[in-house]
1. Restricting to the range 199-234, what's the tally of residues that are in contact (Cβ under 8 Å) with a residue 60 or more places away in the chain and either crowded, with 20+ Cβ neighbours inside 10 Å or part of a helix (DSSP H, G or I) (or both)?
2. Among the residues of the range 119-134, what is the count of those that are open to solvent by 10 Å² or more (accessible area, probe 1.4 Å) and closer than 22 Å to D31 by Cα?
3. Residues to consider are N45, N95; find the one that is open to solvent by 10 Å² or more (accessible area, probe 1.4 Å) and under 24 Å from N328 (Cα atoms).
4. Can you tell me which residue within the range 91-137, out of those that are more than 25 Å from the chain's Cα centre (by Cα) and among the hydroxyl-bearing types (S, T, Y), is farthest from E62 (Cα to Cα)?
5. Quick check on this structure: which one of I153, I145, I221 is at pLDDT 95 or above, closer than 21 Å to L408 by Cβ and of a type in the set (A, V, I, L, M, F, W, C)?
6. From the list V10, V16, V21, exactly one residue is open to solvent by less than 60 Å² (accessible area, probe 1.4 Å) and either in contact with a Gly (Cβ under 8 Å, 6 or more places away or on another chain) or β-branched (V, I, T) (or both). Which is it?
7. Can you tell me which of F154, F116 is surrounded by 21 or more Cβ atoms within 10 Å (Cβ to Cβ) and under 24 Å from K186 (Cβ atoms)?
8. N196 versus (1) surrounded by 15 or more Cβ atoms within 10 Å (Cβ to Cβ); (2) farther than 16 Å from F161 by Cα; (3) at pLDDT 95 or above; (4) not acidic (D, E): which is the lone unmet condition?
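The values are calculated or read from the model by the stated rules, or taken from the named source; none is laboratory data. Because the structure is a prediction, the values reported are computed rather than measured. Backbone-built Cβ (ideal geometry, glycine too); neighbour counts: all protein chains shown. Keep in mind that these areas ignore ligands, DNA and RNA; they rest on the heavy atoms of the full protein, side chains included. Shrake-Rupley method; radii C 1.70, N 1.55, O 1.52, S 1.80 Å.
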Amino acid sequence: MLFLYNLLLVLAAQVVKLLAVFSPKIKLFVDGRTTVFQTLAEKINPQDKTIWFHAASLGEFEQGLPVMEKIKQKFPNHKIILTFFSPSGYEVRKNNTIADVTVYLPLDTQSNAREFLKLAHPDLVFFIKYEYWPNYLNALKKAGITTYLISGIFRENQAFFKWYGGFYRKALQTFDYFFVQNESSKKLLQSLGYQNVKISGDTRFDRVVSILDRDNSLDFIAHFKDGKITIVIGSSWPKDEALLIHFINQAPESVKFIIAPHNIKADQIQELKKAISRKTLLFSEKENHNPADFQVFIIDTIGLLTKIYRYADIAYVGGGFGNPGVHNLLEPATFGIPIVLGPNYSHFAEATALVNLEGCISVNNQEQLNDAFNLLIANTDIRHEKGHICATFVQMNKGATEVIMKHLCNK
């Protein structure tokens, strides 16, 4: 099976190189990996002590960040190496301040795994949530390097739990300890004979709780809001926007909207602006304008959404009308904001929980979206009650990082 896996990997690598000619994102995926070993050789000396964190993409980075921060405090003399698999993670966080070295993870070939570990020579390794690369994991086990899975989540439909999953189950033997999000994940691992499992919860809650301790002020957003009820639309996709535009165009003038689309390509931003009949300002054009004069503010840049949620009275989190589903709703939740989202959320435990607790309102169509917004705009008590449910939910689920660090301190 390993031979077949390696053969398919070689073939896939060639296909990806061909596709890179036609896709800018895949080109980043390919080109970004060409200098990884050179970067490691330049920034990591043979005598350096290192700890390696691997995140698939941006969400996993945010999930692992609280643990990285605590690890850096506990091991101040170690360099942190951070790897990403996806361009959507690496390109956004390549200039982060927590890691000493941030690179793409080279493809999971046996030679890449050997070379990576030779140059990185980590004392500890943390894989965040998922991504089980057999050659890297086999190389870690062979080298006797302590490896943890943090914020792990397992489901019955994964290959580990199928009759044909022996090859994948073997990869799990690498991990010295599993820190998982929930009871069902623990039971699934125990069904395979693993007892080195602890329910820690999801470190994302620790990440979003820490946001409240930071300076989240944005003067230009406060100026735009101008004391009026403001709906913040985060990570919206065209399917979300089709419904949202209709509501915005007939909404009371006393309500303001901030839209931070998932895709900020200039042509799509202009199409969005053109479809809105209300007076609309782009972030990129805000100079020499008075934000308070506008009813809609489109954020055509990245990195501001978290702080913008602080100014929301109501949040809409996008992605729920597509696959795989709704985006991260814990950031608005931690600010105590009621949330509206589309119908595709069941794959995300926190979304399911908040809908059941009635902190979030799930909508299936235009009429339901209109009703949800109109209710939250008109009824201050309901708005505050749902926001309180969201904030309390986040606070009640924090603490995963403490569980992980307590285990490490007792080792």
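1. 23
2. Residues meeting the conditions: 3.
3. Answer to the check: N95.
4. S111
5. None of the other options fit; the residue is I145.
6. One residue alone meets the criteria, V16.
7. So the residue among F154, F116 that is surrounded by 21 or more Cβ atoms within 10 Å (Cβ to Cβ) and under 24 Å from K186 (Cβ atoms) is F154.
8. Answer for N196: the failing condition is (1).
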